[in-house]
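Colleague: Before we start, here is the structure in question, set down as C-alpha cells.
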Amino acid sequence: MTRKHQDWHKSSYSGGSTGNCVEVAEGTVTAVRDTQNRQDGHLSFSASEWKVFLDEVRADNL
C-alpha cells in the first residue's frame with residue numbers, strides 16, 4: 001500500500017506562540033490541517049498547486 005503523505009509536521013509558516021498553527025504532510029500530495037482542529041480534516045494539494053500557493057505567499061500576494 002502506498003502512503004499518500006508522510007508524517008505531519010508544523011509548517012515553517014505557522015505563527016510562533018500565537019496559536020495560529022498549521023501542520024503539513026508531504027508526499028505524493030501535500031496535506032494541510034489546522035493544528036487545533038485536527039478532527040476537521042485536511043486540505044490536499046497536488047505538487048503544482050502547492051508550488052503556486054507557496055510562490056504567492058512568498059510574493060506577499062495573499
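Every number here is computed from the coordinates shown, using simple stated rules; none is lab data. Just so you know, these numbers come straight off a predicted model, no measurement behind them. A quick note on method: Cβ atoms are made from the backbone with ideal geometry, for glycine too, and the neighbour counts reach across all protein chains shown.
Colleague: What dipole magnitude, in Debye to the nearest 20, does region 9-58 give about its Cα centre under +1 on Lys/Arg Cβ and -1 on Asp/Glu Cβ?
Modeller: Details: 5 positive and 7 negative charges, 25 e Å.
That gives region 9-58 a dipole magnitude of about 120 debye.
Colleague: Distance in nm between label sites at ALA59 and ASP7, each 7 Å beyond Cα in the beta-carbon direction?
Modeller: With each label point 7 Å from Cα toward Cβ, the separation is 3.5 nm.
Colleague: Shifting gears a bit: For region 9-58, what log10 I(q)/I(0) values come out of the Debye formula at q = 0.18, 0.23, 0.29 1/Å, with one point per alpha carbon and no solvent?
Modeller: Summing over Cα pairs of region 9-58 leads to -0.58, -0.90, -1.18.
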